[in-house]
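> Quick one: structure below, then a few questions.
Read-outs throughout are calculated quantities, based only on the coordinates presented, and are distinct from any laboratory measurement. From a predicted model like this one, the values you see are computed outputs, not experimental measurements. Backbone-built Cβ (ideal geometry, glycine too); neighbour counts: all protein chains shown.
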Amino acid sequence: MHELVKQQWLIPFLPLVAAAVQSLLPRRARKLSAGICLTAMGGSCLLALRAFIGTLGHHEAERAIWNFTWFDYGTTSLQIGFILDPLTAAMALMVAFVGFWIFVNATGYMHEDENFTRFFCFLSLFAAAMLGLVVANNLLLLFICWELVGLCSYLLIGFWYFEPSAAAAMKKAFITTRIGDIGFFLGILLLYWQAGTVTLYDGGNGALEQVGRLAGLPGWFGWSMATTIAVLLFIGAMGKSAQFPLHVWLPDAMEGPTPVSALIHAATMVAAGVFMVGRMFALFAADATGLALNVVMWAGCFTALFSATIAVAQFDIKRVLAYSTCSQLGFMMMALGAGGLAPGQFHLLTHAFFKALLFLGSGCVIIGTHHEQDMRKMGGLKKYMPVTFWCYLIGMLALAGVPPFAGFFSKDEVLLVTFQRSKLAWGLATFAAFLTAFYMTRQMFMVFAGNWRGHHHPHEVSWNMWLPLVVLSVFAAGLGFFGGQYSHYLGAYEEAHHGKMLVMGLSVAVGAAGILWGWVVYGRRTMARADEADPLAAKIGVLFTWLNRKWYVDEFYEATVIAFTTWLGKLWREFDRLIVDGALHAMAWISWGISQVCRWVGDEFFINGGFDAGCQTIRDSGRGLARLQSGRVQNYFRILSLGAAILVVVYFLT
């Protein structure tokens, strides 16, 4: 491991070089751009696999670090470094592997786009930033990559920036996540102030190796310093991982190309916040009061349930999956807040595979139906797109938590650890699991069952789009069996808890109930026309409208936060116009008046007047002397005679 850690920088470096090279390629170099991108990502995947294998034969939770000085300032050195431990190795392998297959799918999805090379340049940079974040052993390096991830999401969500909805979505994502990043940055500064370093592990002197001391120091609001820093860092995670109330950007992120949605929702941006909380877990768990963990758990619990209720009433195929992502991220945060590092991180890994599968599958549906995204205008696609259907079904079953698919194992571990911490949170999460099974069943029936309700004849997609679905479906089906080993692998294994069979039994029961309810509402009688009313809307009435409008959260923000910000902006604009500009204009007029006085009194009267008078005197003298030089000899003799007479008179008088 100690030799492998010095090669960790190569994992993000390969896609970074690929992005740099692709930025110089002309538009016509499409195949070359795709080849460079896939080769670099494949190389990163192999390096990550080698690092992962290298961690298997070592003691639980053993880590290798490589720190070095970036630059010196004064008597202080700023270090950055890389880390190799089970958490990093598993995450890097997931990002590289899932990202590679998303890239493969993107070669088909973006085949006709004229900005193909620019798209893959941004994808490569996105992957490099996320991989750099994962392998960083320093919060400064992690924060740099964190912000690069945000920049790439801005560029890719708004890749089709000429569409107003995409332009609005890219700004919404960038601004919302920046709000969270303020808290994250304050947490980093506070950690550096108290610990003297932002290097996580450094032979006993790292920030995470001082959590015991930080837990004993007073912080803000009567909290310990460890809790204060942890809560600030979690605010950053709330933005990146779309936790309520900073969740609003993620559903709109679907405005980008579907491979971007898959990358954001599965392997990169939203995973960054959950991973960061896992990486800093020792800091969150340091306070004996458990305040920081409670904040994480309840924020995740509310997000899981809140987002699941919205997903049941959406009609856009990608928006259903987007709110599903918000909900599943809430499950992950809830597990971490309940003290379950391994369950939270394992659900992050399994979710990456089946959510990438579902998003790429939705992309295949969109291409196969000639860019249709409204599920009411779909139907009967099982017959027209059989490969996509079977792969999508596996992803749906994994997300719904049906045994023996991956989501069943990871979701049950989340519910079990939450059951041990809070029965109320567990009950709410169990209901969210029920809704998850329902809205995914609803989507399956609306998209694949019944008869085709669209306008264009649907068709199966090309091999480079469905092949990644097949590969990812294998992992979505079988990865869950490694859940117990993953706990051992992280060094976070705990013996079986009481209530395990109860939690598992209820989990299976609510999943089955959700699927059954979905079949009752949407399966027994599928929609016949695109303009037919949604069956669920007929059953729950006005509540469906509330859910479809996302509980009017965006409207609430529009009427409060955005309206206040707009009003404040107008106020400052008037302040700028009246006070700042007024003061500047007053200073300008005063300066102009002084300059006029100086011009007339000083410049015009004294300087110009004196200069003009001197010039006139010289001109007059010149005219007088000019008369003496008339050229007449008689005048010269007269002058000489007058001069001689004057000299004689002066001589005799003296």
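> Hey, what angle do you get for helix 500-518 against the long axis of the chain, alpha-carbon based, 0 to 90 degrees rounded to 10?
80 degrees
> Let me ask something additional. Select from PHE438, LEU56, HIS370 the residue farthest towards the positive end of the dipole of the chain; place +1 on Cβ of Lys and Arg, -1 on Cβ of Asp and Glu, and compute about the Cα centre.
HIS370
> For Kirkwood radius over Cα pairs in Å, one of [x] 28.9; [y] 27.9; [z] 25.1 was computed from the structure I shared and the rest are decoys. Which label?
Correct label, based on the coordinates given: [y].
> Pairs of alpha-carbon atoms within less than 8 angstrom and 6+ residues apart define the contacts here; what relative contact order does the chain have, in percent?
On the way: 1063 pairs, mean separation 73.7, N = 654.
About 11 percent, as a whole number.
> Continuing with the same structure: Say the cut-off is 29 Å between C-alpha atoms; which of LYS423/LYS550; LYS318/LYS423; LYS240/LYS550; LYS171/LYS539 go over it? Numbers along the way, then the final one.
Working: LYS423/LYS550 27 Å; LYS318/LYS423 33 Å; LYS240/LYS550 20 Å; LYS171/LYS539 37 Å.
Over 29 Å Cα-Cα: LYS318/LYS423; LYS171/LYS539.
> Step through the residues of segment 132-147 one at a time and calculate ³J(HN,Hα) from phi using the Karplus curve (6.51 cos²θ - 1.76 cosθ + 1.60, θ = phi - 60°), rounding each to whole Hz and writing x for Gly and Pro.
Residue by residue, segment 132-147 yields x, 4, 5, 8, 6, 10, 8, 5, 5, 5, 4, 5, 4, 5, 4, 6 Hz.
> Give me the angle, in degrees from 0 to 90, between the Cα long axis of helix 10-22 and the longest principal axis of the Cα atoms of the chain, rounded to the nearest 10.
60 degrees
> Under a straight-distance cross-link criterion of Cα-Cα below 14 Å, which aspartates and glutamates are reachable from LYS6, leaving out those fewer than 8 residues away in the same chain?
Filter leaves ASP85.
> A further question follows. Peptides 221-232, 367-378, 100-111: what's the order by average Cβ count within 10 Å, highest mean first? Please list the in-between numbers first.
On the way: 221-232: 21.7, 367-378: 18.9, 100-111: 23.4.
The packing order, highest mean first, is 100-111, 221-232, 367-378.
> Compute the distance in nm between two label points, each set 7 Å from the Cα along the Cα-to-Cβ direction, one at VAL561 and one at LYS31.
If labels sit at VAL561 and LYS31, their model points lie 4.8 nm apart.
> Cut-off under 18 Å on the C-alpha distance; same-chain residues fewer than 8 positions from LYS172 excluded. Which aspartates and glutamates are left, in chain and number order?
Partners found: GLU147, GLU163, ASP181, ASP252, GLU255, ASP554, GLU555, GLU558.
> At what distance in angstrom do the alpha carbon centres of segment 407-474 and segment 370-396 lie from each other?
Cα centroid to Cα centroid, the span is 13 Å.
> Next question, about the same structure. Under unit Cβ charges (Lys, Arg +1; Asp, Glu -1), what dipole magnitude, rounded to 20 debye, does the chain have relative to its Cα centre? Present the calculation step by step, with values, prior to reporting the outcome.
Details: 42 positive and 37 negative charges, 257 e Å.
So the magnitude is around 1240 debye.
> Go through 189-199, 139-149, 21-31 and give me the packing order, highest mean Cβ count within 10 Å leading. Could the numbers behind the result be given before it?
Numbers: 189-199: 18.5, 139-149: 21.1, 21-31: 13.8.
Those peptides, ordered most packed to least, come out 139-149, 189-199, 21-31.
> A further question follows. When ranked by the protection proxy of mean other Cβ atoms within 10 Å per residue, highest first, what sequence do the peptides 563-570, 278-285, 289-296 form?
On the way: 563-570: 10.5, 278-285: 22.9, 289-296: 19.9.
For the peptides 563-570, 278-285, 289-296, the packing ranking is 278-285, 289-296, 563-570.
> Let me ask another. Give the relative contact order (percent, whole number) for segment 98-150; include only Cα pairs under 8 Å separated by 6+ residues.
Numbers: 22 pairs, mean separation 14.5, N = 53.
Relative contact order for segment 98-150 comes out at 27 percent.
> Assuming R0 = 56 Å, what is the FRET efficiency of ILE618 and LYS570, from their Cβ-Cβ distance, to the nearest 0.05?
Values: r = 64 Å, r/R0 = 1.15.
Once the sixth-power term is evaluated, E becomes 0.30.
> State whether segment 255-389 is rounded, prolate or oblate according to the following rule on the C-alpha gyration tensor (a ≥ b ≥ c being the square roots of its eigenvalues): a/c under 1.5 gives rounded; otherwise a/b larger than b/c gives prolate, and the remaining case gives oblate. Present the calculation step by step, with values, prior to reporting the outcome.
Details: a/c = 3.17, a/b = 2.35, b/c = 1.35.
Taking the square roots of the gyration eigenvalues as a ≥ b ≥ c, segment 255-389 is prolate.
> Across segment 39-53, in residue order, what do the Karplus-derived ³J(HN,Hα) couplings come to in whole Hz, using 6.51 cos²θ - 1.76 cosθ + 1.60 with θ = phi - 60° and x for Gly and Pro?
Along segment 39-53, the couplings run 5, 5, 5, x, x, 4, 5, 5, 5, 5, 5, 4, 5, 4, 4 Hz.
> With axes computed from alpha carbons, what is the tilt in degrees of helix 386-400 against the longest principal axis of the chain, rounded to the nearest 10 within 0 to 90?
The angle comes out at about 90 degrees.
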